[in-house]
Amino acid sequence: MIAFFQEFGGQLLLKTWQHIYISAIALFLGVIVAIPLGVLLTRYKRIAGFTIGLASVLQTVPAMALLAMMIPLFGIGALPAIVALFIYSLLPILRNTYLGMENVDPTLRDAAKGMGMSNLQSIMRVELRMAAPVIMAGVRLSATYVIAWTALASYIGAGGLGDFIFNGLNLYRPDLILGGSIPVIILALIVDFLLGRLELLLTPRTKQEGN
Amino acid sequence: MTLLKMSHLNKIYGGTKAVDDFNMEIEKGEFICFIGTSGSGKTTTMRMINRMLHQTSGTIEINGEDIAKMDPVKLRRKIGYVIQNVGLMPHMTIRENIVLVPKLLKWPEEKRNEKAKEMIKMAELPEDYLDRYPAELSGGQQQRIGVVRALAADQDIILMDEPFGALDPITRESLQDLVKDLQERLGKTFIFVTHDMDEALTLATRIVIMSHGKQVQVDTPDNILRHPANEFVESLIGQDRLIQARPSITTVGQVATKAVSARESQTLKEALGEMHNKRVDTLLVTDDDGVLRGFVGIEQINQYYGTGKEIGDIMDKNIFYVKEDSVIRDTVERILKRGFKNVPVIDHDHHLVGIVTRATLVDMVYDALWGESDKPEKADQPDKAEAGDQA
Ligand SMILES: Nc1ncnc2c1ncn2[C@@H]1O[C@H](COP(=O)(O)OP(=O)(O)OP(=O)(O)O)[C@@H](O)[C@H]1O
Ligand SMILES: [Mg+2]
């Protein structure tokens with residue numbers, strides 16, 4: 001263990017950073033695309049089924065295949081990996097945003113409109129607030145997927161903790177495999193925990209403090 | 001001046017006419033109740049007023065201006081709206097809920113806080129409730145907030161869709177008092193959907209009875225009780241209420257019995273003969289055209305008998321009477337308060353048309369309490385009652 005850190009400590013830090021960086025960008029892009037898109041779909045229900053269906057199909061493409069498909073488009077390195085992971089992150093967020101928004105008590109939407117909120121005000125001040133826990137559950141799921149699959153991104157030269165794992169597999173070195181896998185697991189747990197806190201923060205309060 | 005004018009409103013869903021040629025002019029300060037069977041188009045009509053729905057055809061004008069030409073968001077901020085199930089925002093405090101529209105209108109915070117305090121007072125709830133969340137209030141308290149929330153931006157028109165459904169009678173009554181007070185004291189105009197005829201009768205200045213998208217009858221509560229347009233309205237009012245309502249809506253003319261009278265120009269001898277024949281001790285006196293002039297009792301006749309005077313000379317002109325189209329309810333009170341045994345009934349030209357006796361009142365009360373419906377009309381009954389009753 002100590003020997004491992006002595007030999008690979010510096011590399012571990014670098015690869016972890018690359019891992020975080022790739023997953024974070026992919027997830028961030030996923031969030032800023034999927035949430036507005038999910039909201040939009042609740043306003044244009046006719047295309048909702050089609051869009052969510054399309055995202056589901058993309059989700060079923062094997063991760064390795066999707067990554068490989070990125071090479072002719074974006075070459076190798078972090079960029080194609082980020083694009084592929086971004087595509088993967090879309091579905092859970094999109095679906096949960098759509099469901100979360102759809103499940104907002106229609107009387108609230110009606111009341112918001114009836115009192116003179118514009119469409120945007122109703123979304124921002126009422127619907128997104130009420131749907132926040134469901135949307136956050138989607139984000140957490142996506143985050144876990146993305147962190148796990150970023151390990152595969154090393155396959156197209158994106159770097160990250162996957163480098164350890166692939167090297168370990170090639171060289172029959174279990175310590176390298178574990179040295180790559182364990183940080184991925186820890187990372188996923190930490191991110192999930194942090195997003196869990198964020199979810200609590202975003203969950204609308206319906207009771208006074210201390211009650 | 002007409003505040004709200006709805007002309008030839010139609011709303012068609014697929015093949016069905018949810019609202020069928022709705023026409024109405026509403027004055028400022030009116031309290032309009034929509035009542036009717038489920039699916040009769042009450043909600044649909046109401047929601048066209050604040051453009052939550054768009055009519056298939058027809059126009060709605062507020063103060064003479066076509067609302068189709070207004071910005072719907074701005075329009076809705078000017079019209080208070082209490083949806084069914086209250087619709088308080090669960091993630092906002094009571095304060096935030098109350099001043100939701102003022103905030104949309106960008107009132108400064110200080111003014112909003114003041115308004116919130118004013119409104120919570122109006123809802124008769126303690127001020128520290130302002131910091132609570134809706135889930136921390138009882139159902140009735142939430143409905144109170146729902147009502148005052150619709151008023152917080154000084155809206156002149158308030159739409160309420162079954163706002164007090166599923167509440168216990170006591171809470172319901174106190175909320176009814178609240179809205180009625182707002183209408184009477186602040187001159188707000190209410191359009192109020194209810195399923196409860198008692199509620200409509202208590203609150204409304206005019207009731208709109210709807211069935212299958214059509215207005216069956218639009219009238220004051222009194223007129224609807226007095227002259228239900230058809231059997232549908234009668235069934236909606238309910239047999240119980242019609243019977244209960246009878247003493248209050250029946251006119252004096254309907255229950256009056258035939259009066260025993262004499263003319264001014266008759267002699268005392270003739271009068272005494274009439275008294276003897278009809279076995280009464282008092283005669284109502286009319287002129288030759290039948291206009292009521294006074295009354296004469298057996299005492300006066302006794303006093304002046306043989307002096308050659310006519311009835312007109314000795315009658316008491318100080319007579320209390322009621323008009324035939326006044327409501328029996330008021331008459332009952334007057335008769336009882338003044339201790340009269342009977343009261344003459346006159347028409348608009350002061351012609352004597354009959355008399356209401358205590359015996360008649362007994363019949364009325366009996367009917368109201370026992371609900372007998374197959375009795376013959378009172379006016380047709382023989383005048384057996386009056387003989388011993390003349391004062
Ligand atoms: N969105 C809709 N699509 C199709 N039909 C509708 C729609 N909304 C209402 N209707 C129909 O229009 C008619 C009137 O409905 P509305 O809601 O105005 O009735 P209501 O008088 O308010 O009834 P209730 O007392 O049950 O609330 C009903 O027959 C209803 O089925
Ligand atoms: Mg309705």
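For this structure, a couple of remarks:
- Longest segment of chain B lacking GluC sites (Glu not before Pro) that sit in a DSSP loop with at most 16 other Cβ atoms within 10 Å: B:125-371
- Debye log10 I(q)/I(0) for region B:2-249, one point scatterer per Cα, at q = 0.08, 0.12, 0.16, 0.17 Å⁻¹: -0.32, -0.71, -1.20, -1.31
- Within a Gaussian network of chain B (alpha carbon springs, distance under 10 Å), most fluctuating of B:210, B:89, B:364: B:89
- Neighbours of residue B:187 by Cβ distance under 14 Å: Lys/Arg scored +1, Asp/Glu scored -1, total -2.
- Computed about its Cα centre, the charge dipole of chain A is approximately 640 debye, with only Lys, Arg, Asp and Glu carrying charge at their Cβ.
- Legend: calculated FRET efficiency, residue B:25 to residue B:214, from the Cβ-Cβ distance at R0 = 25 Å, rounded to 0.05, equals 0.90.
- Along the axis of the charge dipole computed for the protein assembly as shown (Cβ charges of +1 for Lys and Arg, -1 for Asp and Glu, origin at the Cα centre), the listed residues B:75, A:123, A:28 are led at the positive end by A:28.
- Checking every one of the chymotrypsin sites (Phe, Trp or Tyr not before Pro) in region A:1-60 against DSSP loop status and a limit of 14 other Cβ atoms within 10 Å picks out A:44.
- q = 0.08, 0.19 Å⁻¹: log10 I(q)/I(0) that the Debye formula gives for region A:31-187, counting C-alpha atoms only: -0.32, -1.09
- Residue B:258/residue B:196 FRET efficiency (R0 51 Å; Cβ-Cβ; nearest 0.05): 0.75
- Annotation: amide H-H contacts under 5 Å for residue B:293 (H modelled 1.01 Å from N, sequence separation of 5 or more, or interchain): B:285, B:286, B:287.
- The loop-placed trypsin sites (Lys or Arg not before Pro) in region B:90-147, going by DSSP, that have at most 16 neighbouring Cβ atoms within 10 Å of their Cβ come out as B:106.
- Charging the Cβ of each Asp and Glu at -1 and of each Lys and Arg at +1, and nothing else, the dipole of the protein assembly as shown about its Cα centre rounds to 2820 debye.
- Two-decimal ratio, the protein assembly as shown, of alpha-carbon radius of gyration to 2.2 N^0.38 Å: 1.60
- For chain B, the residue among B:253, B:327, B:364 whose Cα projects farthest onto the positive side of the dipole built from Cβ charges is B:327.
- Only the Cβ atoms of Lys and Arg (+1) and of Asp and Glu (-1) were treated as charged; on that basis the dipole of region B:2-249 about its Cα centre amounts to roughly 740 debye.
- Rounded accessible area of residue A:73 (nearest 10 Å², 1.4 Å probe): 120
- Calculated SAXS-style log₁₀ I(q)/I(0) at q = 0.11, 0.22, 0.24, 0.25 Å⁻¹ - region B:36-128, Debye, Cα scatterers: -0.45, -1.14, -1.22, -1.27
- Kyte-Doolittle mean at least 1.6, axial Cα span of 24 Å or more - DSSP H helices of chain A: A:174-202
- Listed peptides A:122-129, A:57-64, B:354-361 by packing density, highest first (mean Cβ within 10 Å): B:354-361, A:122-129, A:57-64
- Solvent exposure, largest accessible area first (probe 1.4 Å, DNA, RNA and ligands not counted), of B:156, B:288, B:181: B:288, B:156, B:181
- Positive dipole terminus of region B:99-145, leading residue within B:137, B:119, B:104 (C-beta point charges): B:104
- DSSP-assigned coil residues among chymotrypsin sites (Phe, Trp or Tyr not before Pro) in region A:104-211, each with at most 11 further Cβ atoms within 10 Å: A:172
The values are calculated or read from the model by the stated rules, or taken from the named source; none is laboratory data. Fair warning: this is a prediction, and the values are worked out from it, not measured in the lab. With ideal geometry, Cβ positions are generated from the backbone for all residues, glycine too; neighbour counts draw on all protein chains shown. The protein model used for the area step is the full one, side chains on, heavy atoms only, and it has no ligands, DNA or RNA in it. Shrake-Rupley method; radii C 1.70, N 1.55, O 1.52, S 1.80 Å.
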